[in-house]
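Enquirer: Encoded as structure tokens, here's the structure I'll be asking about.
The values are calculated or read from the model by the stated rules, or taken from the named source; none is laboratory data. Treat the numbers as computed from the prediction; the structure is a model and nothing was measured. Don't worry about glycine lacking a Cβ; one is built from the backbone with ideal geometry, like all the others, and counts go over all protein chains shown. Note: accessible area is taken over every heavy atom of the protein model, side chains too, but ligands, DNA and RNA are not part of it. Shrake-Rupley method; radii C 1.70, N 1.55, O 1.52, S 1.80 Å.
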Amino acid sequence: LSQSMTSYFILSKTFIILLCLFHTIDSQSQPWSPLDAPKELLQMLIRDPFTLSLASTDFGHIIHKTPFAVFAPSSIQDISKLIKFSNSLPIPFTIAALGRGHSVNGQSMTNDGVVVNMTELNNNNNNNNNRIVVYDDYVDVGGEQIWIDVLHASLEKGLTPLSWTDYLYLSVGGTLSNAGISGQTFRYGPQISNVHELDVVTGKGDLVTCSTKKNSKLFYAALGGLGQFGIITRARIALGPAPQRVKWLHLLYNNFSTFSEDQEHLISLDGIN
């Protein structure tokens with residue numbers, strides 16, 4: 001009986017300890033209060049159910065996460081302030097950048113954190129043209145811009161980015177956070193192989209310019225890093241001459257070996273892009 005009572009008290013004590021532990025973990029994971037945020041950030045935090053529902057899914061429809069709020073920045077500095085505010089809390093909240101919402105595995109979502117709606121940089125920018133500036137052999141473009149607009153701006157000077165995605169209504173920061181694969185990849189590599197320089201807001205809230213020679217670790221981490229090493233706010237992308245004419249052939253195959261042989265043959269030919 002004594003041994004049974006001892007076991008009972010041990011189990012009871014263990015249960016109480018675990019209950020207290022779970023309560024502590026649960027209380028720590030509760031959403032932070034927006035009242036803690038500085039006033040200039042508070043007005044940019046959106047919490048209406050419709051906006052939150054839009055930010056709780058992506059193109060893949062595999063993972064669903066509900067953020068505590070959606071952030072509508074008016075400048076890059078606002079994003080930096082948001083990250084620094086999070087870091088100032090005893091338990092920082094998670095932050096995810098959202099472009100056009102075409103991620104497939106929840107990369108642009110967060111539970112009880114804040115989703116940064118990068119497209120708001122367009123809505124709050126009176127002169128959107130200064131976010132796409134074309135030079136002789138490269139273009140400086142905001143991470144929130146979409147590729148179709150980059151194409152239109154560069155074509156005005158007879159230029160074009162070297163590597164694309166097959167669908168052009170994607171954000172620059174979004175595809176550079178993945179890889180950017182297209183029909184030109186066999187010749188020029190993915191989009192992340194054609195970037196000269198980036199501006200990245202890091203996990204500390206610092207705006208850092210990086211390239212292969214300057215802050216190179218951050219440069220290579222941000223490119224294809226799925227947004228885990230910072231938020232891309234500007235990219236300097238390589239340009240080349242745009243072809244005057246393009247011929248597009250749509251061929252149907254019922255034999256994969258024949259298809260792959262023809263594909264390799266076309267790739268080996270000069271002038272095929």
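Enquirer: Return only the number of the condition from (1) open to solvent by less than 40 Å² (accessible area, probe 1.4 Å); (2) in contact with a strand residue (DSSP E or B) (Cβ under 9 Å, 6 or more places away or on another chain); (3) among the β-branched types (Val, Ile, Thr); (4) not in a loop (DSSP other than H, G, I, E, B) that Val133 does not satisfy.
Expert: Failed condition: (1).
Enquirer: Separate question: Looking only at the range 225-254, which residues are over 22 Å from Leu121 (Cβ atoms), of a type outside the set (A, V, I, L, M, F, W, C) and touching a helix residue (DSSP H, G or I) at 6+ places or on another chain (Cβ under 8 Å)?
Expert: Passing the criteria: only Tyr253.
Enquirer: Now for a different question. Name the pairs whose Cβ atoms lie under 6 Å apart, with the first residue in the range 100-129 and under 17 Å from Gly227 (Cβ atoms) and at pLDDT 90 or above, the second open to solvent by 70 Å² or more (accessible area, probe 1.4 Å) and among the β-branched types (Val, Ile, Thr), and 6 or more positions between them or separate chains?
Expert: Taking only residues 6 or more apart or on different chains, the pairs are Thr110/Thr94; Gly113/Thr94.
Enquirer: Within the range 255-273, can you find the residues that are among the polar types (S, T, N, Q) and in contact with a helix residue (DSSP H, G or I) (Cβ under 8 Å, 6 or more places away or on another chain)?
Expert: The one that is among the polar types (S, T, N, Q) and in contact with a helix residue (DSSP H, G or I) (Cβ under 8 Å, 6 or more places away or on another chain): Asn273.
Enquirer: Within the range 132-182, work out how many residues are within 23 Å of Tyr220 (Cα to Cα), in contact (Cβ under 8 Å) with a residue 24 or more places away in the chain and not β-branched (Val, Ile, Thr).
Expert: Result for the range 132-182: 20.
Enquirer: A further question on this structure: Checking Asn254 against (1) touching a strand residue (DSSP E or B) at 6+ places or on another chain (Cβ under 8 Å); (2) of a type in the set (S, T, N, Q); (3) open to solvent by 70 Å² or more (accessible area, probe 1.4 Å): exactly one of these is not met. Which one?
Expert: Only one criterion is unmet by Asn254, namely (1).
Enquirer: May I pose another question? Do you know which residues across the range 68-85 are in a loop (DSSP other than H, G, I, E, B) and in contact with a helix residue (DSSP H, G or I) (Cβ under 6 Å, 6 or more places away or on another chain)? Even if it seems obvious, please write down each step before you answer.
Expert: Residues of the range 68-85 that are in a loop (DSSP other than H, G, I, E, B), as a first pass: 68, 72-75.
Scanning the range 68-85 gives Ala72, Pro73.
Enquirer: Can you give me the number of residues within the range 217-251 that are in contact with a Gly (Cβ under 8 Å, 6 or more places away or on another chain) and open to solvent by 70 Å² or more (accessible area, probe 1.4 Å)?
Expert: The total comes to 2.
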